[in-house]
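Undergrad: Please see the structure below; I have some questions.
The values are calculated or read from the model by the stated rules, or taken from the named source; none is laboratory data. Bear in mind that the values here come from a model prediction, so they are computed numbers and not experimental data. Here Cβ is always computed from backbone atoms with ideal geometry, including for glycine, and neighbour counts include all displayed protein chains. The accessibility values were calculated without ligands, DNA or RNA, using every heavy atom of the protein model including side chains. Shrake-Rupley method; radii C 1.70, N 1.55, O 1.52, S 1.80 Å.
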Amino acid sequence: MKLIIVNSMTSGQKHDKATTILCIPFSLLIGVFLGIQSAVIAGISFILGGLWLSPDLDIRSLCLKRWGYLKFFWWPYRKFISHRSFLSHGPFIGSILRITYLIAIAFILKILIQALGIEVPFISINQLKILIAKYPEQVLAIAIGVEASAWLHLILDGDPLPIKLKKSKT
């Protein structure tokens with residue numbers, strides 16, 4: 001047997017197709033362990049994670065294009081995060097970074113809106129903590145869905161398991 005390093009990237013369309021096809025089986029699997037409500041939440045999070053919060057937000061990609069006029073929010077992320085780096089394509093760290101980035105953008109927008117004299121009471125760290133404490137199973141389902149979609153992306157790219165066994169002809 002011979003070890004071969006796989007370094008091919010899957011197209012955005014193939015990522016989208018895999019995300020869409022695997023959403024239902026993924027949801028059913030989550031439902032077995034966490035119940036129907038968590039299955040629905042995880043399935044929606046899987047689709048949103050795969051189609052809008054993909055590790056490929058660090059380049060011009062289909063997922064970036066889906067943000068439409070709001071894609072400019074991802075400009076700083078794209079400038080500071082290298083494509084296929086540990087920060088964008090690393091298991092767990094990539095999803096945590098993208099979600100943290102979105103939360104930071106929401107807080108920056110809140111500050112800018114409040115500077116105009118408009119009160120935005122629904123976005124605060126305290127309220128985020130309350131939501132997490134009040135709905136831990138739902139938050140877990142969201143995290144599992146987003147991270148599972150990222151893992152699907154990484155597996156399709158060959159990132160988490162880049163070594164394939166291939167029989168040699170000798």
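Undergrad: Can you run the Rg to Rh ratio on the chain? Use alpha carbon positions and the Kirkwood inverse-distance Rh.
TA: 1.04
Undergrad: Let me ask something else. Do you know the Lys pair count in the chain for C-alpha distances under 12 Å, with sequence separation 8 or more or different chains?
TA: 4
Undergrad: Ordered by residue, what ³J(HN,Hα) values in Hz, to whole numbers, does the stretch 12-19 give under the Karplus form 6.51 cos²θ - 1.76 cosθ + 1.60, where θ = phi - 60° and Gly and Pro are x?
TA: x, 5, 5, 4, 4, 4, 5, 4
Undergrad: Using alpha-carbon pairs under 8 Å, 6+ residues apart, how would you state the relative contact order of the chain in percent?
TA: Taking the mean separation of contacting Cα pairs over the length of the chain, I get 40 percent.
Undergrad: Shifting gears a bit: Just going by the charge dipole of the chain, with Lys and Arg at +1 and Asp and Glu at -1 on Cβ, which of 77, 42, 59 is farthest out on the positive end?
TA: The Cα lying farthest towards the positive end belongs to 59.
Undergrad: May I ask for the angle, rounded to the nearest 10°, between helix 93-115 and the longest principal axis of the chain, with both axes built from Cα atoms and the value confined to 0 to 90°?
TA: The angle comes out at about 20 degrees.
Undergrad: For the stretch 60-121, what does the accessible surface come to per residue with a 1.4 Å probe? Please give it in Å².
TA: On a per-residue basis, the stretch 60-121 sits at 68 Å².
Undergrad: Here's a follow-up. Accessible area, 1.4 Å probe, largest first: how do 93, 30, 44 sort?
TA: 44, 93, 30
Undergrad: Same structure again: Sorted by accessible area with a 1.4 angstrom probe, largest first, how do 147, 137, 119 fall?
TA: Listed by decreasing accessible area, they come as 119, 137, 147.
Undergrad: Another question, if that's okay. If one takes the longest principal axis of the Cα atoms in the chain, at what angle in degrees, from 0 to 90 and to the nearest 10, does the Cα axis of helix 136-157 lie?
TA: 40
Undergrad: Now for a different question. What ranking of 97, 112, 87, 154 comes out by heavy-atom accessible area, probe 1.4 Å, highest first?
TA: Descending order: 112, 87, 97, 154.
Undergrad: What's the carbon and sulfur percent of the chain's accessible surface, probe 1.4 angstrom, rounded to a whole number?
TA: 72
Undergrad: Taking Cα atoms, how many degrees apart are the long axis of helix 36-52 and the longest axis of the chain, rounded to 10 and kept between 0 and 90?
TA: That helix lies at roughly 80 degrees to the long axis.
Undergrad: Please find, in a Gaussian network model of the chain (springs between Cα atoms separated by less than 10 Å), the residue of 91, 25, 55 whose mean-square fluctuation is greatest.
TA: Of the options given, 25 has the highest mean-square fluctuation.
Undergrad: From the P(r) of the stretch 9-102, can you give the percent of Cα pairs sitting at distances over 20 Å?
TA: 40
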